[in-house]
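Asks: Quick one: structure below, then a few questions.
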Amino acid sequence: MLRPTGKRALLLAFCCLAALALIITTTTVPNAAADFTGREILSVARIAHGGADYAGLQNVTVQASGFVNAAAFGGLAANPLGAMAEIKLRITDYQDKQMRRRLDVAPTAALGPGPTYLVFTGAQGGGMMFGNEFRVRETAVSRHWAMMGFDTLNRAIEGQLVSARQSDDGGDYVVEVKFNSEDTVRYWINKQSFLIDKITTRYRSQVLIEEQRSEYRRADCMMLPFHIMTRLQGQPFADLAIDSYDLKSNVPASRFTISATP
């Protein structure tokens, strides 16, 4: 039997130690991301979306165009097919850090005369439909629409809202943010890019609004989606292409009132 020389014995011992170290590493040290808490995953997602710039957002104004389900406009005479039809619209979406939101619809012959816009004031929903003022008695949908805005992510990271990691879903981490016993928001965050793939809101444990986000591109110093598809209670609601983001202009508080049209 041949005995290894000193150099060969040293090399053999080194290889054995290296193999042992590899085994220990792969069996006892999990992937770091697998141990992230929900809040940590959201923090990394905010970095991916813009870091300090995203954290400092005060207002967002989005210009978009695309198809919206005609059922959203009730008895619109120009669309007798109702929920089977979709109207192509140009929309301006205003959001602020107080989680208020307003959706202005550009004038079009299909909508008839008078302004059309939807508002969540922070307490109630309403707006104008073809120049006629309306208010929403059940505010859950309006409230959840505002909860999908940019500041929910910031509030969860800053500890103002409770966040909890859920079971992963394919290529996404899933994190739930809880507002209260009835209202929650869930984020699907891409495991590779840490950008948001999907958001859903849940009212009394039932999905109310779902939003698919894709086609991320740089807007100012942030990475933001340029294609958004929305479903309301499981039904298609809007398919919008984002034309532009304005992340710097101030949105006056008067814009988030129901009756005013500033």
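The values are calculated or read from the model by the stated rules, or taken from the named source; none is laboratory data. Computed from a predicted model, the values in this text were never measured in an experiment. Quick reminder, even Gly has a Cβ in these numbers, built from the backbone with ideal geometry, and neighbours come from all protein chains shown.
Asks: Of everything in region 108-121 that's modelled with pLDDT of 75 or more and surrounded by 15 or more Cβ atoms within 10 Å (Cβ to Cβ), which residue is farthest from Gly56 (Cα to Cα)?
Replies: Pro115
Asks: Provide a single number: the residues in region 180-206 that are out of contact with any His (no Cβ under 9 Å at 6 or more places or on another chain) and part of a strand (DSSP E or B).
Replies: 11
Asks: Any residue that is among the aliphatic types (A, V, I, L, M), farther than 28 Å from Asp104 by Cβ and under 17 Å from the mean Cα position of the chain (by Cα) - is there at least one of those in region 184-206?
Replies: Among the residues of region 184-206, at least one is among the aliphatic types (A, V, I, L, M), farther than 28 Å from Asp104 by Cβ and under 17 Å from the mean Cα position of the chain (by Cα), which makes the answer yes.
Asks: Of all residues in region 86-107 being of a type in the set (A, V, I, L, M, F, W, C) and in contact with a Lys or Arg (Cβ under 8 Å, 6 or more places away or on another chain), which is surrounded by the fewest Cβ atoms within 10 Å (Cβ to Cβ)?
Replies: Checked region 86-107; the qualifying residue surrounded by the fewest Cβ atoms within 10 Å (Cβ to Cβ) is Ala106.
Results for (1) closer than 23 Å to Val119 by Cα; (2) touching a Ser or Thr at 6+ places or on another chain (Cβ under 7 Å), shown as yes or no for each residue.
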site: Ile157; (1), (2): no, yes
site: Ala164; (1), (2): no, no
site: Phe179; (1), (2): yes, no
site: Arg218; (1), (2): no, no
site: Thr230; (1), (2): yes, no
site: Gln233; (1), (2): yes, no
site: Leu247; (1), (2): yes, no
site: Asn250; (1), (2): yes, no
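Asks: Another question, then. Does Ile209 count as part of a strand (DSSP E or B) and closer than 21 Å to Val119 by Cβ?
Replies: yes
Asks: On to the next question. Out of all the residues in region 216-262, which are part of a loop (DSSP other than H, G, I, E, B), of a type in the set (A, V, I, L, M, F, W, C) and surrounded by fewer than 16 Cβ atoms within 10 Å (Cβ to Cβ)?
Replies: Matches in region 216-262: Cys221, Ala260.
Asks: Continuing with the same structure: Of all the residues that make up region 203-246, how many are farther than 18 Å from Ala70 by Cα and in contact with a helix residue (DSSP H, G or I) (Cβ under 8 Å, 6 or more places away or on another chain)?
Replies: Residues in region 203-246 being farther than 18 Å from Ala70 by Cα and in contact with a helix residue (DSSP H, G or I) (Cβ under 8 Å, 6 or more places away or on another chain): 7 in total.
Asks: While we're looking at this one, here's another question. For Ala123, are the conditions met, namely being out of contact with any Gly (no Cβ under 7 Å at 6 or more places or on another chain), closer than 25 Å to Phe179 by Cα, of a type in the set (A, V, I, L, M) and touching a residue at least 24 places away in the same chain (Cβ under 8 Å)?
Replies: no
Asks: Something else: What is the residue count in region 226-240 for residues that are of a type in the set (Phe, Trp, Tyr) and at pLDDT 95 or above?
Replies: Residues that pass the stated criteria total 1.
Asks: In the set Lys191, Lys178, which member is at pLDDT 95 or above, under 15 Å from Arg46 (Cα atoms) and of a type outside the set (Asp, Glu)?
Replies: The unique qualifying residue is Lys191.
Asks: Has region 39-53 got at least one residue that is of a type in the set (D, E, K, R) and modelled with pLDDT under 95?
Replies: For region 39-53, residues of a type in the set (D, E, K, R) and modelled with pLDDT under 95: absent.
Asks: Still on this structure, I have one more. Need the failing condition index for Asp197 against (1) without any contact (Cβ under 8 Å) to a residue 40 or more places away in the chain; (2) in contact with a Lys or Arg (Cβ under 6 Å, 6 or more places away or on another chain); (3) acidic (Asp, Glu), just the number.
Replies: Of everything listed in (1) without any contact (Cβ under 8 Å) to a residue 40 or more places away in the chain; (2) in contact with a Lys or Arg (Cβ under 6 Å, 6 or more places away or on another chain); (3) acidic (Asp, Glu), Asp197 misses just condition (2).
Asks: Being within 24 Å of Gly38 (Cβ to Cβ) and at pLDDT below 95 narrows it down to one residue among Arg143, Arg137; which is it?
Replies: Unique residue meeting the criteria: Arg143.
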